[in-house]
Amino acid sequence: MNLPHALGRHLALAGFMGSGKSRAGASVAARIGRPFVDLDDEIEERAGTTITELFAERGEAGFRALEAEIAHDVLARGEPLVVALGGGAVLSERTRALLAARAFTILLDVEPETAWLRVAGSERPLARSEEDFHSLHRERQPVYEEVADATARDVDGILLAAAGVHVEPGAIDELGELVPGDGAVELVADAHVSGIHGIRAQVGLGARDAALHEVPAGEPAKAAAVLERLWSRFTIGRDGSVVALGGGSTTDVAGFAAATYMRGVEWSAVPTTLVGQVDAGIGGKTAIDLPGAKNVVGAFHWPVRVVCDPSVLTTLPEAERLNGLAEVVKTGLLAGMPLWERSELDQVRSCAAFKSGVCLGDPHDRGPRNQLNLGHTFAHALEAAAGYALPHGRAVALGLLAALRLSGLDDAVRTVQDVLSPEPVAVDAEAAWAALARDKKAERGSPRLVLLDAPGRPRWGVEVPEDDVRRALAELIA
Ligand SMILES: NC(=O)c1ccc[n+]([C@@H]2O[C@H](COP(=O)([O-])OP(=O)(O)OC[C@H]3O[C@@H](n4cnc5c(N)ncnc54)[C@H](O)[C@@H]3O)[C@@H](O)[C@H]2O)c1
Ligand SMILES: [Zn+2]
């Protein structure tokens with residue numbers, strides 16, 4: 001059975017020579033903060049000689065035996081790694097069994113013609129003739145496909161697959177295949193979204209036994225009474241799962257219902273807002289609100305699948321799209337790439353991949369995941385002062401301005417102004433400051449913020465003098 005994601009287990013990259021496993025593996029490992037092991041390098045290091053020499057000395061069979069031995073040692077390590085497997089490593093039955101038991105394996109797929117161009121003329125013992133190379137590829141491909149839990153073609157694709165995130169226009173029509181398992185489904189849908197995309201989702205679930213539960217549209221879904229209603233109406237057993245269809249509000253409450261019902265059942269998110277697809281649906285944070293306090297009760301519960309179908313965004317009101325665009329700009333600044341200039345599909349794909357990488361590296365928000373709060377300390381203060389009547393995207397746009405001003409990044413400030421056109425908001429300055437201070441008091445001590453040394457180089461937990469924070473906040477208020 002295919003595993004849903006790589007959380008808590010090794011992430012192994014399989015694929016033909018020339019598919020770029022070493023390079024992509026190193027890059028993915030850096031993104032998710034795990035050690036990287038290139039199996040071929042490990043073999044050369046331990047043997048004290050090159051693979052070419054080992055092939056010459058021991059023959060292919062001798063080399064494969066050594067390779068399997070070393071693969072075993074590497075995969076036996078307790079700490080989750082990123083491992084680039086040699087092209088032939090999966091030929092060993094023992095290695096395949098270990099991968100199945102201990103790793104989430106991704107096939108890094110490549111056109112054989114491209115692979116040949118990369119390796120032709122190299123020292124590799126199995127890349128001497130183009131014809132042999134292609135026939136070996138035909139022979140190996142089915143083995144890779146069998147061993148792989150998922151397939152990817154680039155670093156973002158690997159990060160998405162590793163987090164269990166599937167981005168594809170039209171994916172909502174294939175939900176039955178995308179949601180893991182074959183047990184019964186509790187489909188929790190935003191009442192408004194249900195009227196627009198509910199039938200499509202239900203038809204997409206195909207033969208799966210699914211019960212529909214509508215929750216109030218938007219934020220009012222995140223209430224204890226709604227959660228209690230879901231608990232009492234669910235009938236699935238431990239083999240069933242929850243599927244959430246809606247924006248971040250729906251995925252938050254449905255995910256929390258799944259985290260708590262019967263001490264936790266699997267859930268999948270089908271986010272239908274841009275916020276949901278680039279941010280809220282990913283990373284396993286779930287929560288409900290208490291009167292006057294947002295997200296105060298919740299759980300970390302990683303979804304087994306996140307299905308992002310950009311085609312459902314065509315019905316999204318413009319104001320909701322702008323909320324999402326603010327998170328896209330935030331992500332682009334963190335990633336150091338102008339992601340907001342890309343097509344909507346590419347925005348979703350790259351932002352979802354970025355958040356997947358950060359959250360895989362810090363699922364419980366103890367360090368690097370803090371960076372995702374860029375601009376949000378100010379945004380939350382403005383939202384609270386506005387009695388939550390301020391759209392989140394507008395608050396985030398303003399919050400980004402403050403964080404970038406404090407970072408001394410004038411160009412980035414201009415980008416936010418050009419792309420998001422934030423206007424200062426009329427709220428009570430003292431109330432906003434009180435909210436920010438309250439937020440900070442929860443973290444003990446003076447204000448700590450996420451700032452950027454440069455686009456792509458975030459720093460979190462930065463202590464900023466109170467006066468500077470106060471001044472930055474005041475600039476956001478009309
Ligand atoms: N868990 C996380 O990591 C995380 C991250 C960010 C935000 N959030 C949470 O997400 C919530 C905000 O979610 P959101 O911005 O996605 O909006 P939302 O879920 O509150 O929905 C906003 C509105 O859009 C409508 N809508 C949704 N999809 C639609 C579609 N395809 N067509 C037409 N209308 C549609 C909804 O009915 C609703 O009226 C907040 O509660 C926030 O705290 C959670
Ligand atoms: Zn946000």
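For Ala326, the criteria (1) under 13 Å from the mean Cα position of the chain (by Cα); (2) within 16 Å of ligand 2 (Cβ to nearest atom) hold in every case but one, which is (1).
Only residues that are open to solvent by less than 30 Å² (accessible area, probe 1.4 Å) and not in a loop (DSSP other than H, G, I, E, B) were counted across region 99-130, and they come to 10.
Among the helices (runs of 4 or more DSSP H) lying completely within region 366-478, list those that include at least 2 residues that are among the small types (Gly, Ala, Ser) and within 28 Å of the chain's Cα centre (by Cα).
In region 366-478, the matching helices (runs of 4 or more DSSP H) lie at 376-385, 392-407.
I want to confirm something. Restricting to region 285-306 and keeping residues that are under 15 Å from the mean Cα position of the chain (by Cα) and away from ligand 1 (no atom under 13 Å from the Cβ), which single residue is nearest to Ala189 (Cα to Cα)?
Once the filter is applied, the top-ranked residue is Arg305.
Please enumerate the residues belonging to region 269-284 that are among the small types (Gly, Ala, Ser) and either farther than 25 Å from Gly170 by Cβ or within 8 Å of ligand 1 (Cβ to nearest atom) (or both).
Gly276, Ala280, Gly281, Gly283, Gly284
Go over the candidates Ser343, Ser356, Ser350 one by one and state the one that is among the hydroxyl-bearing types (Ser, Thr, Tyr), farther than 18 Å from Ala403 by Cβ and within 14 Å of ligand 1 (Cβ to nearest atom).
Ser356
Tell me, which helices (runs of 4 or more DSSP H) lie completely within region 1-88 with 3 or more residues that are touching a residue at least 60 places away in the same chain (Cβ under 8 Å)?
Here the list reads 21-32, 51-75.
Before we move on, is Gly387 surrounded by 22 or more Cβ atoms within 10 Å (Cβ to Cβ) and of a type in the set (Gly, Ala, Ser)? Considered against the rule, which asks whether it is surrounded by 22 or more Cβ atoms within 10 Å (Cβ to Cβ) and of a type in the set (Gly, Ala, Ser), Gly387 comes out as no. Among the residues of region 361-380, those that are of a type in the set (A, V, I, L, M) and open to solvent by less than 10 Å² (accessible area, probe 1.4 Å) comprise Leu374, Ala379. Put simply, of Gly336, Gly332, Gly283, Gly298 the only residue that is of a type outside the set (Val, Ile, Thr), over 30 Å from Ala386 (Cβ atoms) and open to solvent by less than 50 Å² (accessible area, probe 1.4 Å) is Gly336.
Conditions (1) hydroxyl-bearing (Ser, Thr, Tyr); (2) more than 16 Å from ligand 2 (Cβ to nearest atom); (3) in contact with a Gly (Cβ under 7 Å, 6 or more places away or on another chain), marked per residue:
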{"position": "Phe234", "(1), (2), (3)": "no, yes, no"}
{"position": "Arg238", "(1), (2), (3)": "no, yes, no"}
{"position": "Ala244", "(1), (2), (3)": "no, yes, yes"}
{"position": "Gly248", "(1), (2), (3)": "no, no, yes"}
{"position": "Ala259", "(1), (2), (3)": "no, yes, no"}
{"position": "Arg263", "(1), (2), (3)": "no, yes, no"}
{"position": "Thr273", "(1), (2), (3)": "yes, no, yes"}
{"position": "Gly276", "(1), (2), (3)": "no, no, yes"}
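Before we move on, is Ala211 within 15 Å of ligand 1 (Cβ to nearest atom) and of a type in the set (A, V, I, L, M, F, W, C)? In short, no.
Please specify each residue of region 195-208 satisfying the condition of being out of contact with any Gly (no Cβ under 6 Å at 6 or more places or on another chain) and surrounded by 12 or more Cβ atoms within 10 Å (Cβ to Cβ).
Gly195, Ile196, His197, Gly198, Arg200, Ala201, Gln202, Val203, Gly204 - these are the residues of region 195-208 that are out of contact with any Gly (no Cβ under 6 Å at 6 or more places or on another chain) and surrounded by 12 or more Cβ atoms within 10 Å (Cβ to Cβ).
Checking each residue in region 229-268 for being surrounded by fewer than 22 Cβ atoms within 10 Å (Cβ to Cβ), under 17 Å from Pro180 (Cα atoms) and either near ligand 1 (Cβ under 10 Å from one of its atoms) or of a type outside the set (A, V, I, L, M, F, W, C) (or both) picks out Gly237, Arg238, Asp239, Gly264.
So for region 454-466 (the condition being farther than 21 Å from Arg369 by Cβ and of a type outside the set (Ser, Thr, Tyr)), does at least one residue qualify? Among the residues of region 454-466, at least one is farther than 21 Å from Arg369 by Cβ and of a type outside the set (Ser, Thr, Tyr), which makes the answer yes.
Of everything in region 306-323 that is open to solvent by 10 Å² or more (accessible area, probe 1.4 Å) and in contact with a helix residue (DSSP H, G or I) (Cβ under 6 Å, 6 or more places away or on another chain), the residue that is farthest from ligand 2 (Cβ to nearest atom) is Thr315.
The values are calculated or read from the model by the stated rules, or taken from the named source; none is laboratory data. Computed from a predicted model, the values in this text were never measured in an experiment. Neighbour counts run over all protein chains shown; Cβ positions are idealised from the backbone, glycine included. Note: areas computed on protein heavy atoms with side chains; ligands, DNA, RNA excluded. Shrake-Rupley method; radii C 1.70, N 1.55, O 1.52, S 1.80 Å.
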